[in-house]
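All remarks here apply to the structure that follows.
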Amino acid sequence: MKKFIDMQAERLGRLLEAGGIKKDIALLAVSGAALLLSIAGFDALPFDPAWFAVALCGVPIVLGAVIGLVTEFDIKADVLVSIALAASVLIGEDFAAGEVAFIMQLGALLEEVTVARARAGIEKLVELSPRTARVISGGEERTVPAEQVAAGDTIRVLPGETIPADGVIISGRTSVDQAVMTGEPLPVDKAEGDEVSSGTVNRFGAFDMRAQRAGEDSSIQRMIRLVQSADAGKAKIVGTADRWAAWIVVTALTAAAVTWAASGEIIRAVTILVVFCPCALVLATPTAVTAAIGNAAKRGFLVREGDALERLASVKKAAFDKTGTLTYGKPAVAAAESTADGMSGKELYRLTAAAELLSEHPLGRAVAGCFEKEYGEPLPEPQDFQMIPGRGVEASVCGKRITAGNGKLMEEKGIKVTAELELRAESYASEGCTVIYTAVNGAAAGVIALSDTVRGESGDVVSGLKELGIAPVLLTGDNDSAAQRTAAELGIDEIRARCLPEDKLAVIDGFQNAGMPVCMIGDGINDAPALKRAMVGIAMGGVGSDIAAEAADIVLAKDELRELPQLFALSKRMMKTIKCNLAFSMTLNFAAVILAVAGVLDPVAGALVHNAGSVAVMINSALLLKRKKKN
């Protein structure tokens, strides 16, 4: 018997899923029209038109209730509705049965509309996994599937290729884009002895590496598993009517039985079952959620999970990624200082920018672009340009030989960096800046400091969240200095720097295990596990990673944080509306029960009372669409 019911449940699920929301709307439209004809006394059919509503809306409810009871002994609101439908039909109150079924299916449709779409984030992560690797064996290079790489293998990685395993560089120099793992905005220079991770991208020079962790043990595969499992412990909101269903069913059946026994009138008992049906109770939450989602959409928030706003209302901490979220994620020149006699900071800046004009490195492009934007002057064309992977550039500009890059480049070229210049560079580095040394004709001449730029609205967002009682936290893969600088500028007290994806998960777990639900706001691939694990994940949708957006519950379509405090305030107001709806619907139900016991209401009148209550709940919820104030 159980096997048969399971098969019918699966078949019913396929039937209901196949038509989708459009089919549900069509069924409700037909049912609604049939109920109107029933009220109008339409008698051209050999049966009451309300039977259309009973068949189209009522039968799925009864089947779902029976399947849930038999297979899992799961008592939901549908059980009481099914009993009321059956009782109404048995005594000939077809309209009452159709009306109750119609209202319940309307609530189910509203919930279905707010359910999240299937997410493809894991598939996109899998696409980032390297497919092949160049293994060096016996002096020969051969290409093999990445999953065949073993620890100890020597691998060659060319510019533009994805690194196939975790390991250590044994020869060569390069710059590696590690955004997929750490979210850092700039490639990191690598040389012999430095570690590299699978899934990151080799930007410039070729290098050989020795694999240490490959296949399922590699960094990218570990992150895929993190994303797959991260939301296992995420709280799920249970419908209020379903949560109280067992008590509602027992109370309704008891009241109906006692009334029937005391009065001897079965119609009173059936009326009690009808008015006890939690129609307004079922509509209380989905109508408010739908209206709030509509309001959020006007503000540029795309709510992908139906219960995301319910969870957001309980959040105590807002964890922010730094790069690309609180900042723009693009380096900009913060300072240009010259230590050379007779050379101004602007002239040093101009010569360095000209030398970097042909560079492919993001730092070099930033220096050239920032100079042209700031001064509006064309840069002279560099001659004899040479890019040195992992170090910097050299070029001739206006008859001068310019060397621009990191400290290792200065050392290799035999250029002495003065104590004064080193002190200035260290000062900028302590503030989270990246420093480029510039030498003119073989003599150190100054430094260019670059830093990520904080979004203009980030400070107001942080202060707005604090006003709502939500504590901001900074979770970033950047170094301590960069994290401290951004946090101090924005007024964030809690900081976790140098976070890998698993570190962010651990921090979020720690907060949530201590009873402080977290909302994670991020934009990068490395944020995807944290976005899924947090009570609510909000992703930057415009410039952010597609994978982060797929992992999140809410997506910021405009890439502006300005409205974030309003979203939190909206979620809290939505929960107040839901509580108000619930209180009203329960009060109405109990009042109707008393009138039914007294014989004042019959099943049809009881169904109409439900209509009035449902309409009142929907009107109250609709007020959320127009809500503008923060509190």
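None of the figures in this text is laboratory data; all of them are computed from the coordinates on show. If you're wondering where the values come from, they're calculated on a predicted model, not measured in any experiment. Cβ placement follows ideal geometry from the backbone for every residue including glycine, while neighbour counts extend to all protein chains displayed.
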Report task. Would you mind working out the magnitude of the charge dipole of segment 328-453 relative to its Cα centre, with +1 at each Lys and Arg C-beta and -1 at each Asp and Glu C-beta, to the nearest 20 Debye? Result -> 120
**Report entry** Built amide H within the under 5 Å cut-off of ASP189, gap 5+
**Finding:** VAL176
Report summary line: At R0 = 60 Å the Cβ-Cβ FRET efficiency linking LEU468 and ALA598, nearest 0.05, sits at 0.80
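For the pairs LYS316/LYS576; LYS504/LYS532; LYS346/LYS400; LYS330/LYS466; LYS190/LYS330, flag any whose C-alpha to C-alpha distance is greater than 19 Å. Provide the component values of the computation, followed by the final result.
Values: LYS316/LYS576 17 Å; LYS504/LYS532 11 Å; LYS346/LYS400 16 Å; LYS330/LYS466 27 Å; LYS190/LYS330 21 Å.
Pairs exceeding 19 Å: LYS330/LYS466; LYS190/LYS330.
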Query raised in the report: Between ALA612 and ALA86, how many nm apart are label points set 7 Å from Cα along the C-beta direction?
Result: 3.1
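Is the C-alpha gyration tensor of segment 272-371 telling us rounded, prolate or oblate? Criteria: a/c under 1.5 is rounded; beyond that, a/b larger than b/c is prolate, otherwise oblate. Write down the numbers at each step before the final one.
Working: a/c = 6.21, a/b = 4.62, b/c = 1.35.
It is prolate, given that a/c is not under 1.5 and a/b is the larger ratio.
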Query raised in the report: Length gain on complete extension for the stretch ARG142 to VAL30, per 0.36 nm per residue less the alpha carbon to alpha carbon distance?
Result: 33.7 nm
Query raised in the report: How would you rank CYS57, CYS370, going from fewest to most other Cβ atoms within 10 Å of each one's own Cβ?
Result: CYS370, CYS57
Report summary line: Once Lys and Arg are counted +1 and Asp and Glu -1 for all other residues with Cβ under 13 Å from that of GLU411, the total becomes +2
Query raised in the report: How would you rank PHE95, PHE385, going from fewest to most other Cβ atoms within 10 Å of each one's own Cβ?
Result: PHE385, PHE95
Report summary line: Under 5 Å from the placed amide H of LYS330, counting only residues 5+ away or on other chains, we find THR453
Report task. Compute the Cα gyration tensor for segment 373-444, then decide on rounded, prolate or oblate, letting a ≥ b ≥ c be the square roots of its eigenvalues: rounded whenever a/c is under 1.5, prolate when a/b is larger than b/c in the other cases, and oblate in all that remain. Result -> oblate
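By its C-alpha gyration tensor, with a ≥ b ≥ c as the square roots of the eigenvalues, how is segment 328-453 shaped: rounded for a/c under 1.5, else prolate for a/b larger than b/c, else oblate? Mind showing how you got there, number by number?
Details: a/c = 1.27, a/b = 1.01, b/c = 1.26.
Since a/c stays below 1.5, the shape of segment 328-453 is classed as rounded.
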Report summary line: Ranked from fewest to most other Cβ atoms within 10 Å of their own Cβ, ASP493, ASP189, ASP602, ASP341 fall in the order ASP341, ASP493, ASP602, ASP189
Query - Inter-label distance for LYS576 and ASP384, nm, one decimal - labels placed 7 Å from Cα along Cα-to-Cβ - result: 7.2
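Please report the net charge: other residues with Cβ closer than 15 Å to the Cβ of GLY606, K and R +1, D and E -1. Walk me through the numbers before you get to the answer.
Working: positive: ARG268; negative: GLU93, ASP94, GLU99, GLU265, ASP602.
Net charge around GLY606: -4.
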Report task. Describe numerically, in nm with one decimal, the distance between label points set 7 Å from Cα along Cα→Cβ at PHE590 and at ARG496. Result -> 4.4
